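*Asks:* Before I ask anything, let me first share the structure, which is written out below as C-alpha cells.
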Amino acid sequence: MRIILLGPPGAGKGTQSERIVERYGIPQLSTGDMLRAAVTAGTPVGLEAKSIMESGGLVPDAVVVGIVADRVEEADAKPGFILDGFPRTVEQAKALDKMLAEKGIALDAVVEFVVDENALVGRIAKRAEETAARGQPVRKDDTPEVFKTRLDAYKRQTAPLSDYYAGTGLLRKIDGMQPIDTVTGEVVTLLDGFREKAVS
C-alpha cells in the first residue's frame with residue numbers, strides 16, 4: 001500500500017499518518033528525516049545533499065527524489081509507505097512518478113484532506129490562545145500570521161497537485177473538517193479497499 005497524503009497545514013495529515021502507520025505497519029516517509037538519515041549514513045546522495053546544505057543551498061528535486069528512491073528500497077518500505085510533505089510541486093510529482101515507474105512501483109492512492117481555510121485559521125488562533133492561557137509558549141508555527149503565510153505557500157506550490165493527481169485517476173478526497181475519528185474511518189475504508197483488491 002503506497003499512498004501520498006495531501007492537504008494544507010493544519011488539515012490533520014500528521015494525525016492520520018500516525019494512525020495509518022499504527023494500523024498497517026507501513027512507514028511514514030518524511031523528506032526531512034530521510035535527508036538527515038542519508039547524510040548520517042554517508043550515502044552518495046546523502047553526501048551530495050550535505051555539501052549543498054552546508055553551503056546554504058536548497059537541496060534540488062533530483063537529490064530529494066534520489067533519497068526517496070533509496071528509502072523505498074529499504075525492507076520496512078517494501079510492503080508500502082506513506083509520503084507526507086513530498087511531493088510539494090507538480091515538477092516533484094512528475095520526477096517521483098518517473099522514479100517509481102523505473103522501479104516498477106505503483107502508487108495506490110493520493111488522499112487529499114479537504115478543509116475550510118477560514119475555519120483552519122480560526123482553529124489555529126484558538127489553539128494559540130489556549131496555549132498562551134495555560135502559560136505555555138506558543139509555537140511560532142501556531143500563530144495565525146505565520147500560519148496564513150504557510151497556507152499561502154501551500155496554495156501557490158502544492159495545491160496544484162490536486163488537479164495533477166486527479167488527472168492520473170489516483171486522487172481520493174476526504175472531508176478533513178469532520179471529527180478526527182470519522183476521518184480515520186473514511187481513510188481506513190479506502191485503504192482496506194485497496195488492500196483487498198491487492199490480495200484478490
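*Asks:* In nm, what is the difference between 0.36 nm times the number of residues separating E91 and R195 and their Cα-Cα distance?
*Replies:* Computed gain between E91 and R195 is 34.6 nm.
*Asks:* Suppose the chain between E22 and D76 were pulled fully straight at 0.36 nm per residue; how much longer would it get relative to their current alpha carbon spacing?
*Replies:* Net length gain for the segment: 18.1 nm.
*Asks:* Could you tell me how many cubic angstrom of Cα convex hull volume the range 2-187 has per residue?
*Replies:* 141 Å³
*Asks:* Moving on. So what are the three principal axis dimensions of the range 11-70 from its Cα atoms, in whole Å, longest to shortest?
*Replies:* On the principal axes, the range 11-70 reaches 38, 23, 18 Å in Cα extent.
*Asks:* Keeping all protein chains in the complex and leaving out DNA, RNA and ligands, what accessible area do you get for K94 with a 1.4 Å probe, in Å² to the nearest 10?
*Replies:* 100 Å²
*Asks:* With point charges of +1 on the Cβ of Lys and Arg and -1 on the Cβ of Asp and Glu, referenced to the Cα centre of the range 2-187, which listed residue (V111, V90, G10) lies farthest in the positive direction of the dipole?
*Replies:* G10
*Asks:* Then there's this: Using protein chains only and a probe of 1.4 angstrom, how many square angstrom of D141 are accessible, to the nearest 10?
*Replies:* 60 Å²
*Asks:* Scan around R2 for amide H atoms under 5 Å from its own, H built in the peptide plane at 1.01 Å from N, and keep only partners 5 or more places away or cross-chain.
*Replies:* F81, D108, A109
*Asks:* Apply the Karplus parameterisation 6.51 cos²θ - 1.76 cosθ + 1.60, with θ equal to phi minus 60°, to every residue of the range 88-105 and state each ³J(HN,Hα) to the nearest whole Hz, in sequence, with x for glycine and proline.
*Replies:* Karplus-based 3J(HN,Hα) across the range 88-105 equals 9, 9, 5, 4, 5, 4, 5, 5, 5, 4, 5, 5, 5, 4, 5, 8, x, 9 Hz.
*Asks:* Can you send over the carbon and sulfur percentage of the accessible area for the chain, probe radius 1.4 Å, protein chains only?
*Replies:* With neighbouring chains kept in place, the figure for the chain is 52 percent.
*Asks:* With +1 on each Lys and Arg Cβ and -1 on each Asp and Glu Cβ, and nothing else charged, work out how big the dipole of the chain is about its Cα centre, in Debye to the nearest 20.
*Replies:* 160 debye
*Asks:* At most 14 other Cβ atoms within 10 Å plus a DSSP loop assignment makes a site exposed; report the longest stretch of the chain without any exposed GluC sites (Glu not before Pro).
*Replies:* The reported range is 75-200.
*Asks:* Could you report the accessible area of M53 in Å², rounded to 10, computed with a 1.4 Å probe on the protein chains as they sit in the structure?
*Replies:* My reading of the accessible area for M53 is about 90 Å².
*Asks:* Now for a different question. May I ask you to list the lysines whose Cα is less than 23 Å away from that of K103, ignoring any residue fewer than eight positions away on the same chain?
*Replies:* By straight Cα distance, K103 reaches K78, K94, K197.
*Asks:* Whole-Hz Karplus ³J(HN,Hα) for the range 120-132, in order, using 6.51 cos²θ - 1.76 cosθ + 1.60 and θ = phi - 60°, x for Gly and Pro?
*Replies:* Per residue, the Karplus-derived 3J(HN,Hα) values read 4, 4, x, 5, 5, 4, 5, 4, 5, 4, 5, 5, 5 Hz.
*Asks:* May I ask for the equivalent-ellipsoid semi-axes of the range 94-200, computed as the square root of five times each C-alpha gyration tensor eigenvalue and listed largest first in whole Å?
*Replies:* 33, 19, 12
*Asks:* Between K173 and R123, what is 0.36 nm times their sequence separation minus the Cα-Cα distance? Round to one decimal in nm.
*Replies:* Stretched out fully, the K173 to R123 stretch lengthens by 15.9 nm.
*Asks:* Can you list residues from other chains, or at least 5 along the same chain, whose modelled amide H is less than 5 Å from the amide H of Q28?
*Replies:* Residues meeting the amide H criterion: I82.
*Asks:* Could you give each residue of the range 106-111 its phi-based ³J(HN,Hα) in whole Hz, using Karplus coefficients 6.51, -1.76, 1.60 with θ = phi - 60°, and x for Gly or Pro?
*Replies:* Listing the rounded values in order: 10, 6, 8, 6, 10, 9 Hz.
*Asks:* Considering amide H positions built from the backbone, and no H for Pro or chain starts, which residues 5 or more places from K173, or on another chain, come under 5 Å of its amide H?
*Replies:* E112
The values are calculated or read from the model by the stated rules, or taken from the named source; none is laboratory data. Computed from a prediction, not measured in an experiment: that's the story for all the values here. Cβ coordinates were reconstructed from backbone atoms using ideal geometry, including for glycine residues, and neighbour counts include every protein chain displayed. Calculation scope for accessible area: heavy atoms of the full protein, side chains included, ligands and nucleic acids excluded. Shrake-Rupley method; radii C 1.70, N 1.55, O 1.52, S 1.80 Å.
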